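Inspection log for the structure reproduced underneath, given as structure tokens.
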Amino acid sequence: MTLNAIGELMTVVGLAVLLYGEWKDEGSLKAIGKPLASLGFLVAAVGFGAFDSRYGRIIFLGLVLGALGDLFLLGRAKQFFIGGLVSFLLGHVAYVVAFSTLPISPAQAFIAAVAMAAIMFFIGRWVFPHAPDMRVPIAIYMLVISAMCVVAIGTGAAGAPWMIPVGAVMFTASDIAVVRDRFVSKGFVNRAWGLPLYYAAQLIIAWSIAEVA
């Protein structure tokens with residue numbers, strides 16, 4: 001079995017444990033499943049050649065920051081959420097930098113920017129009333145993740161591997177589950193679709209390393 005396949009298996013097993021822990025609200029299972037799932041996408045990235053290219057190294061940094069954010073989100077206190085928010089934000093910045101090393105289609109990036117602006121406007125109207133003291137950090141996060149999607153879609157239109165735009169959009173969609181669970185309506189249903197989407201996105205972005213020469 002290849003190293004990237006081992007990492008993918010670790011993520012799948014960890015995700016299964018994590019989801020069961022979330023369903024049963026078992027803290028010990030969450031504490032085992034989430035780090036295992038996150039370690040899995042790091043192992044997969046190494047297997048895909050993360051240290052063999054500048055693009056791979058920057059993506060790996062983004063994945064490390066994502067894994068750190070996952071650990072922060074094991075806690076439910078506000079300071080842990082802030083720590084996770086900052087970690088993921090910096091991870092998205094790393095992805096923007098990595099994707100920006102590839103050719104970009106300006107026309108498609110512009111269309112994506114308009115679409116993301118509209119989407120984030122409606123998400124902001126939905127979330128901000130539930131989080132009046134978090135509007136600024138959430139707005140900054142929305143801006144950065146929008147930039148990630150815009151650059152990813154622009155590179156995809158210019159011939160970059162499909163994993164880049166697909167992974168970026170999946171990651172953004174998974175964040176909606178996090179925001180809904182944190183500020184709007186808590187419940188296992190948020191994690192039931194948000195967590196698989198997130199871990200799949202991280203694995204797909206890691207996979208892009210092998211396809212970017």
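The values are calculated or read from the model by the stated rules, or taken from the named source; none is laboratory data. Because the structure is predicted, anything quoted here is derived from the model rather than measured. Using ideal geometry, Cβ is built from the backbone for each residue, glycine included, and neighbour counts are taken over all protein chains shown. Heavy atoms of the whole protein, side chains included, go into the accessibility calculation; ligands, DNA and RNA do not. Shrake-Rupley method; radii C 1.70, N 1.55, O 1.52, S 1.80 Å.
A few notes on this one:
- Of residues in the stretch 156-172 being in a loop (DSSP other than H, G, I, E, B) and not aromatic (Phe, Trp, Tyr), the one farthest from residue 103 (Cα to Cα): 161
- Taken as a whole, the stretch 23-32 holds no residue that is crowded, with 21+ Cβ neighbours inside 10 Å and assigned to a helix (DSSP H, G or I).
- Taking the criterion of being without any contact (Cβ under 8 Å) to a residue 24 or more places away in the chain and closer than 15 Å to residue 144 by Cβ, the only residue of the stretch 87-112 that qualifies is 87.
- Tallying residues that are closer than 18 Å to residue 92 by Cα, surrounded by fewer than 23 Cβ atoms within 10 Å (Cβ to Cβ) and of a type in the set (Gly, Ala, Ser) within the stretch 161-187 yields 3.
- Scanning the stretch 173-213 for residues that are among the charged types (D, E, K, R), part of a helix (DSSP H, G or I) and within 22 Å of residue 134 (Cβ to Cβ) turns up 175, 180, 181, 182, 191.
- Residues of the stretch 33-44 classified as open to solvent by less than 10 Å² (accessible area, probe 1.4 Å) and either over 20 Å from residue 16 (Cα atoms) or not hydrophobic (A, V, I, L, M, F, W, C) (or both), total: 3
- In the stretch 154-182, the residues that are closer than 17 Å to residue 48 by Cβ and free of Cβ contacts under 8 Å to residues at least 40 places away in the same chain never reach a residue that is open to solvent by 50 Å² or more (accessible area, probe 1.4 Å) and not aliphatic (A, V, I, L, M) with C-beta atoms less than 8 angstrom apart, at least six apart or across chains.
- The conditions of being at pLDDT below 95, in a helix (DSSP H, G or I) and closer than 25 Å to residue 32 by Cα are met by residue 82.
- The residues of the stretch 142-160 that are surrounded by 19 or more Cβ atoms within 10 Å (Cβ to Cβ) and touching a Leu at 6+ places or on another chain (Cβ under 7 Å), listed by number, are 155, 160.
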